Amino acid sequence: MVYFSRSGNTGLAARHVAKRLGAALYPLQVPEYELGLGGLARSAFAANARRTDPATLPEIKPRQLDLKPFDTVWLGSPIWFYSPAPPIWAFVEHNRFDGQHVVLFNTFNSNLGADQIAAFKAKVMARGARSFEHRQVLRGRMTQQLTPEEMLGAIDAEWFGAHHP
Ligand SMILES: Cc1cc2nc3c(=O)[nH]c(=O)nc-3n(C[C@H](O)[C@H](O)[C@H](O)COP(=O)(O)O)c2cc1C
C-alpha cells in the first residue's frame, strides 16, 4: 500500500486498511507540500498546474518501489481540485504495475471528478496493470466532517461490508 497524505486523513485510512489486509505500508514524502501556509499554497498551485499540464509532477520520495512481490497494489491519495493529488500521479509515472490489480483509494471533502479517476485508471493500465478499482471515503465539508473514528467505520462498511469493531 503506497500512499500520500498531507494532513493525515489518507494516512489514517491507509494504516487502517493495511492492518486489515496485513499489507506493507509505503508513505510518499513530499517536503514542498508540508503543513502550513507555504505548503498549502504550493499544494494548490501544483494541483492546478498538473491539471493544465499533466507532465508537471513533484519530486516524491521514494520515487520507485519494488512492488513485484505483490499481486494487488493499493494507491492512496487525497483529492486536490477534483483529482488525486500530484504525488500519486508522480508515483504512477515512475513505476510499473505489470499484471497487478491496482486499487486507487481517495479521501476527500465534497467533490471528486469522475473524468479524473478515468484518466488515472488509463494511466495505471498503460503502466501494465491487469485491472483497476476505485475506493473513496467522503469526509464531508468543514464543520460537519466525519470524525476519524467515523471515517474508519465508513471504510469498514463501504469497502469491506463489515462493522467497525
Ligand atoms: C490543495 C487542496 C485541494 C483540495 N481540493 C479538494 C477538492 O477538489 N475536493 C474535495 O472534496 N476535497 C478537496 N480537498 C480536501 C482534501 O481532499 C481532504 O481534506 C483530504 O481528506 C485530505 O487528505 P490528507 O489529510 O491525507 O492530506 C483539498 C485539499 C487541499 C489541501
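The values are calculated or read from the model by the stated rules, or taken from the named source; none is laboratory data. Note that the coordinates shown come from a computational prediction; the quantities given were computed from them, not determined experimentally. In this analysis, Cβ positions are derived from the backbone assuming ideal geometry, glycine residues included, and neighbour counts consider all displayed protein chains. Note: accessible area is taken over every heavy atom of the protein model, side chains too, but ligands, DNA and RNA are not part of it. Shrake-Rupley method; radii C 1.70, N 1.55, O 1.52, S 1.80 Å.
Across the chain, Cα pairs under 8 Å and at least six residues apart give a relative contact order of 20 percent. Extension gain, residue 21-residue 44: 0.36 nm per intervening residue step, less the Cα-Cα distance, totals 5.0 nm. Subtracting the Cα-Cα distance of residue 125 and residue 35 from 0.36 nm times their residue separation leaves 29.2 nm of extension gain.
Measuring between their Cα centroids, the range 46-96 and the range 104-165 lie 15 Å from each other. For the range 94-104, putting each phi into the Karplus relation 6.51 cos²θ - 1.76 cosθ + 1.60 with θ = phi - 60° gives couplings of 9, 10, 10, 10, 3, x, 9, 8, 10, 10, 8 Hz, in residue order, rounded to whole numbers and with x for Gly and Pro. Rolling a 1.4 angstrom probe over the chain with all protein chains present gives an accessible area of which 54% lies on carbon and sulfur atoms. As a calculated quantity, the FRET efficiency between residue 53 and residue 7 at R0 = 41 Å, using C-beta atoms, amounts to about 0.95.
Based on protein heavy atoms only, the chain ends up with 52 Å² per residue of surface accessible to a 1.4 Å probe. Residues within the reach of a label modelled at residue 81 (point 7 angstrom out along Cα to beta-carbon, backbone nitrogen below 14 Å), restricted to the range 115-138, are 116.
Using the Kirkwood formula on the Cα atoms of the range 2-160, what hydrodynamic radius do you get, in angstrom to one decimal? One over the average 1/r among Cα pairs gives 15.8 Å for the range 2-160.
In this Cβ point-charge picture (+1 for Lys and Arg, -1 for Asp and Glu), the chain has a dipole of about 160 debye about its Cα centre.
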